[in-house]
1. If only one of Phe79, Phe90 is surrounded by fewer than 21 Cβ atoms within 10 Å (Cβ to Cβ), within 16 Å of the chain's Cα centre (by Cα), of a type in the set (A, V, I, L, M, F, W, C) and under 30 Å from Lys158 (Cβ atoms), which one is it?
2. Output the residues belonging to the stretch 164-212 that are charged (D, E, K, R) and in contact with a Leu (Cβ under 7 Å, 6 or more places away or on another chain).
3. State which residue is nearest to Ser171 (Cα to Cα) when the search covers only the stretch 51-110 and only residues that are free of Cβ contacts under 8 Å to residues at least 60 places away in the same chain and hydrophobic (A, V, I, L, M, F, W, C).
4. In the stretch 28-37, which residues are buried (at least 21 other Cβ atoms within 10 Å of the Cβ) and farther than 10 Å from Leu227 by Cβ?
5. Of the residues Gly269, Gly274, which is under 25 Å from Ser25 (Cβ atoms) and crowded, with 22+ Cβ neighbours inside 10 Å?
6. In this structure, is Gly62 over 26 Å from Ala106 (Cα atoms), out of contact with any strand residue (DSSP E or B) (no Cβ under 6 Å at 6 or more places or on another chain) and of a type in the set (Gly, Ala, Ser)?
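The values are calculated or read from the model by the stated rules, or taken from the named source; none is laboratory data. Keep in mind that what you see is a predicted model, and the values were worked out from it rather than measured. Quick reminder, even Gly has a Cβ in these numbers, built from the backbone with ideal geometry, and neighbours come from all protein chains shown.
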Amino acid sequence: MDSTSHRPTWKTLLAFAIIYFVWGSTFLAIRVGVREVPPFMLAAMRFLIAGIVLCGWMYARGERSPSRRQWISASLLAFLIFVLDYGLLFWAEQRVPSGVAAVMLAIIPVFMAASEIIFLRTRRFTLSLSFALLVGIGGVAVLMSHSLDLGGAPIDRKGAVALIIAAMSWSVSSVLTRKLPLPPSKVMSSGTQMFVGGVLLAVTAAALGEFRGFRPQAVSLGGWLSLLYLIVAGSIIGFTAYVWLIHHESPTKVGTYAYVNPMVAVLLGYFLGGEALDRRTIFGTLLVLISVVVITTTPASKTVAVVAVEDAV
C-alpha cells in the first residue's frame with residue numbers, strides 16, 4: 001500500500017474518474033446491448049469472462065484457490081448479486097431507460113438502512129434517517145406514479161418491480177457477505193463470485209430459451225462493443241480502480257460513487273441515448289439522491305456495531 005505522501009494525485013483522480021464515469025456509463029452500455037442480445041445471456045457473457053480474467057490473474061500471482069466452503073458461499077452470493085440483481089437489471093433495461101434504472105438501483109442504501117434498523121439492529125431510528133427513508137421511497141413513487149402530473153410517462157411497472165427486487169437482493173447479499181466464509185483476497189472473492197454468477201446466468205438464459213434462435217452474426221458491431229466495454233471497462237478496469245481506492249482513501253470518499261453514478265447515467269442517457277429528461281425524472285432523481293446522501297453520511301450510533309454496505313463490482 002502506498003503512503004499518501006508518495007501517491008501521485010493523478011492516480012487518485014483517475015481512479016475516482018473511473019468509478020464515477022465508467023460505472024455510471026455501464027447502464028447505457030447495458031441498454032445498448034440488450035437491444036440485440038438477450039439480457040441474461042448478455043449478463044452471463046459479461047461476468048463469466050470477467051470472472052475468468054480476475055481469477056486467472058490472481059492464480060498467476062500465486063493466490064490460493066478458495067476452499068469448498070468458500071466456493072459454496074461465493075455461489076450463494078453469486079445467485080443473489082448476479083442472477084437476481086444484475087440479471088434483473090439487464091432484463092429491466094429492455095423496458096426502463098438506463099438513467100432511470102440507475103436511479104432505481106441507487107435506493108440500495110435505503111434498503112440497507114432499513115434492514116440495519118429493523119433486522120440487524122445496528123442502527124437506530126433517528127430523525128435524519130427517517131427523513132431519508134421517506135424521501136427515498138418518495139423518489140421511487142414519483143418515478144412510478146400514474147397520478148402525478150409531472151410530465152413524461154411513469155416507468156414500466158414490471159421493469160420497476162424487477163429493479164426493486166434487484167436492489168433488495170443486493171441488500172440481502174451485503175448482509176450475508178459479512179457472515180459467510182469467503183476468500184480473504186477481495187479480488188479473488190469477487191472473481192469467484194463473477195465466475196459462478198456467469199455460469200448461473202448462462203443456466204438461467206438457457207432455461208428461459210434465450211439461446212434458441214440467437215444468431216451471433218446478427219448482432220451489430222455496436223452490440224459487441226457494448227459487451228466488450230462492460231467486460232473490460234465496467235468489470236475489470238472499474239473494479240481494479242475501486243479496489244485500489246479502498247486501500248488508499250476513506251470508505252466515505254469512495255462511497256460517493258453511489259450518488260454520482262445515477263447522475264452520470266441520467267445525463268449520458270439523455271445526451272447519448274436519446275432518453276427523456278422530464279420533470280418526473282429530474283424530481284424523482286433528486287429525491288433518491290437526497291436520500292442516499294443523507295443515509296451514507298449519517299454516522300451509525302456509537303453504541304451499536306456498524307455493518308458496511310458491500311460495494312458494487
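1. Phe79
2. none
3. So, considering only residues that are free of Cβ contacts under 8 Å to residues at least 60 places away in the same chain and hydrophobic (A, V, I, L, M, F, W, C), the one nearest to Ser171 (Cα to Cα) is Ile72.
4. Selection gives Leu28, Arg31, Val34.
5. Only one candidate qualifies: Gly269.
6. yes
So that you can scan it fast, the table gives a plain yes or no per residue for (1) β-branched (Val, Ile, Thr); (2) modelled with pLDDT of 95 or more:
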| site | (1), (2) |
| --- | --- |
| Glu210 | no, yes |
| Val232 | yes, yes |
| Thr240 | yes, no |
| Pro251 | no, no |
| Tyr259 | no, no |
| Val266 | yes, yes |
| Thr298 | yes, no |
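For every residue, the table says whether it meets (1) over 24 Å from Leu272 (Cβ atoms); (2) part of a helix (DSSP H, G or I); (3) modelled with pLDDT under 90.
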site	(1), (2), (3)
Leu76	yes, yes, no
Tyr86	no, yes, no
Val96	no, no, no
Ala101	no, yes, no
Val110	yes, yes, yes
Phe119	yes, yes, yes
Ser130	yes, yes, yes
Gly136	yes, yes, no
Val140	yes, yes, no
